[in-house]
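Notes follow the structure.
The values are calculated or read from the model by the stated rules, or taken from the named source; none is laboratory data. These numbers were taken from a predicted model, which means no experiment stands behind them. All Cβ positions, even for glycine, are placed from backbone atoms using ideal geometry, and neighbour counts span all protein chains on display.
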Amino acid sequence: MSINPDPITSEVVRNAYNAIADDMSAMIARSAYSPILYEAHDYGIALFDRQARLLGQYAGLPLFTGGLDAGLRATIERYGLDGMRPGDVFTVNDSYITGGHLNDVDTIGVIADEEEVLGFIAVRAHWADIGTAEPGFPVNSRNIFQEGVRWGPTRIMEGGEWVRDVIDLLCLNSRVPKTLMGDLKAQIAAIRLGAERMKWLKGRFGQDMLEACATQIFSATEAKFRGFIRSIPDGIYTAEGTSDNDGVTDEPVVSKVTVTIAGDHMTVDTHGSAAQRPGNLNTGYANTVSAVRLALALLMPEREPDINDGSFRAMDVIAESGSIYAAEAPAPCMRPHPVMLLIDLIIKALSDVLPEHVAAGLPGDSWNIFLIGKDPKTGQGFTSGEALDGGWGASARGDGPSAIIHSAAGDFRNMPVETLEYRTPVIIRRLELGKDSGGDGEYRGGQNVVKEYEALADMGVTLHFDRSTTPEWGLFGGQDGAAPKVTVYNADKPEGFVINKVEQLQLRPGDRFVAETGGGGGYGDPAKRTAEARAADIADGISSVAA
């Protein structure tokens with residue numbers, strides 16, 4: 001007998017899946033060892049059924065959750081459902097499978113009873129070190145082998161017990177094995193919590209009811225997304241932009257997107273984009289798919305659109321093998337900046353036909369800063385990593401928000417000054433919003449962030465700041481936002497120099513650098529901005545009188 005759930009039951013189940021993922025997030029944040037996890041929340045969480053269909057997620061880092069199905073499907077293909085049992089945990093980090101860089105490790109737990117596999121939980125988290133050629137987050141890697149240990153789907157826990165050979169191999173290839181194990185255990189603790197809650201749901205509603213609810217939820221969500229796509233006029237829409245360079249050569253890296261709308265179906269094609277580069281701006285295809293999914297979710301008119309297996313059934317993603325958007329071995333993939341640019345380009349391509357749904361140029365880079373060295377007070381090595389906020393683009397709804405994390409990161413959070421100063425020999429002299437940094441327009445782009453660091457000991461700083469040559473663009477007459485830059489001041493030289501990408505630039509005590517991120521693009525003709533709004537800009541320190 002077929003089951004037809006009532007709408008209230010389906011809604012309770014839908015929210016239950018997302019609530020489980022939220023609780024798992026709290027578990028990771030409270031038990032992880034790395035600040036990149038417990039402070040910044042550099043992880044993604046998703047729940048799947050036995051067919052690897054997305055049931056719910058923690059809406060934290062959407063670029064992660066949008067690609068977690070790829071690693072899961074590869075794991076199921078390798079081991080088979082019959083080869084999995086309760087207590088099994090698998091990991092995979094291969095960039096050409098998962099799409100992310102090697103530090104982003106997918107940990108996959110099996111939800112099963114003694115009879116069968118019921119579903120899966122996948123957690124992708126950034127591991128502090130997995131044996132990269134240089135500590136931290138290399139800017140200048142030239143092949144995947146310089147970016148750390150790489151592995152396909154691998155069983156790391158069997159029946160609730162560690163597979164010691166695999167654990168030993170991972171720990172031997174990390175500069176911080178204690179931190180690695182602490183973060184891995186946090187992932188597994190979250191998976192166990194999620195599995196317990198999923199089994200409780202089965203006991204409460206029954207597996208047949210849960211499967212019927214999932215079918216209903218997927219169909220309803222698919223109908224919403226198809227309805228939105230159908231509201232876009234049929235046509236072919238294009239946009240093009242560039243990343244500054246790939247970190248090895250100075251040649252700009254071209255991204256091109258073609259969006260085709262045909263009825264209730266969308267196709268996104270990246271043909272015409274650069275071939276995979278010798279530097280590490282390349283990405284695996286799964287990451288490209290995730291970025292396109294995120295762009296569609298950002299365009300949806302709902303503030304919090306439903307995200308599950310039904311959300312993206314009306315969309316195809318095409319990328320040319322061997323390009324920056326579908327890299328092949330041994331292309332390096334440490335810093336896949338173009339996927340953030342791709343999100344922006346899809347929005348820009350559709351701006352003329354969706355003026356009420358789009359924003360001007362978004363924070364399209366993670367603006368990473370890594371500090372690396374040995375603390376003279378403790379004798380211990382340190383590696384800190386952070387992504388800085390920027391200005392969000394303005395829209396028809398109003399000015400863009402200031403100090404917002406980049407478009408792919410969602411709930412990712414900034415590193416608190418206190419945490420950074422406690423863990424590294426550095427002092428933060430300034431952390432403020434940049435004046436005149438948002439693009440002018442009827443609605444002004446969001447302000448960037450200005451952060452000044454002073455070294456208290458010898459250290460290296462690794463920088464990756466992109467979009468300086470293609471800043472966050474304005475729309476419909478709005479002006480571009482301020483370009484990002486980093487200015488370094490040596491203690492014995494008053495004049496500074498600008499350097500946006502560098503691998504472990506050596507700093508001495510008293511040396512400083514000022515990091516300025518990108519400002520959001522403006523929206524609409526600046527002549528239409530009201531006198532009252534401009535007076536408020538000056539009073540609030542957003543604009544100078546001269547500007």
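Data for the structure
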item: Any hit, the stretch 451-460, residues being charged (D, E, K, R), outside any loop (DSSP other than H, G, I, E, B) and more than 27 Å from the chain's Cα centre (by Cα); result: yes
item: Residues being closer than 29 Å to Glu386 by Cα, modelled with pLDDT of 95 or more and not acidic (Asp, Glu) - total across the stretch 505-544; result: 16
item: Subset of the stretch 129-179 (residues that are over 22 Å from His337 (Cα atoms), buried (at least 16 other Cβ atoms within 10 Å of the Cβ) and among the charged types (D, E, K, R)); result: Arg155
item: Answer from Arg429, Arg444 - the residue that is farther than 14 Å from Phe513 by Cα and touching an Asp or Glu at 6+ places or on another chain (Cβ under 9 Å); result: Arg444
item: Matching option when the condition is farther than 16 Å from Pro471 by Cα, at pLDDT below 90 and polar (S, T, N, Q), among Asn368, Asn414; result: Asn414
item: Meets criteria (closer than 23 Å to Thr242 by Cβ and without any contact (Cβ under 8 Å) to a residue 24 or more places away in the chain) for Val498; result: yes
item: Residue under evaluation Ala26, criteria (1) of a type in the set (A, V, I, L, M); (2) in a helix (DSSP H, G or I); (3) surrounded by fewer than 18 Cβ atoms within 10 Å (Cβ to Cβ); (4) modelled with pLDDT under 95, criterion not met; result: (4)
item: Single residue of Ser290, Ser311 found to be small (Gly, Ala, Ser), assigned to a helix (DSSP H, G or I) and buried (at least 20 other Cβ atoms within 10 Å of the Cβ); result: Ser290
item: Given (1) free of Cβ contacts under 8 Å to residues at least 60 places away in the same chain; (2) over 22 Å from the mean Cα position of the chain (by Cα); (3) farther than 20 Å from Arg429 by Cα, index of the condition Gln504 fails; result: (1)
item: Those residues of the stretch 112-125 which are at pLDDT below 95 and crowded, with 20+ Cβ neighbours inside 10 Å, in sequence order; result: Ala112, Val117, Leu118
item: Any chance Arg277 is of a type outside the set (Ser, Thr, Tyr) and assigned to a loop (DSSP other than H, G, I, E, B); result: yes
item: Residue list for the stretch 494-547, restricted to those being among the basic types (Lys, Arg) and in contact with a His (Cβ under 9 Å, 6 or more places away or on another chain); result: Lys501
item: Members of the stretch 108-163 found to be within 22 Å of Val248 (Cα to Cα) and not in a loop (DSSP other than H, G, I, E, B), listed by number; result: Ile144, Phe145, Gln146, Glu147
item: The stretch 314-354 - residue that is over 22 Å from His265 (Cβ atoms) and touching a strand residue (DSSP E or B) at 6+ places or on another chain (Cβ under 8 Å) and, of those, surrounded by the fewest Cβ atoms within 10 Å (Cβ to Cβ); result: Gly322
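Residues are listed down the side, and each one gets a yes or a no for (1) assigned by TED's automatic domain parsing to the domain that holds Gly136; (2) outside any strand (DSSP E or B); (3) over 20 Å from Leu180 (Cβ atoms):
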| position | (1), (2), (3) |
| --- | --- |
| Val353 | no, yes, yes |
| Ser366 | no, yes, yes |
| Ile369 | no, no, yes |
| Gly379 | no, yes, yes |
| Phe382 | no, no, no |
| Trp392 | no, yes, yes |
| Gly400 | no, yes, yes |
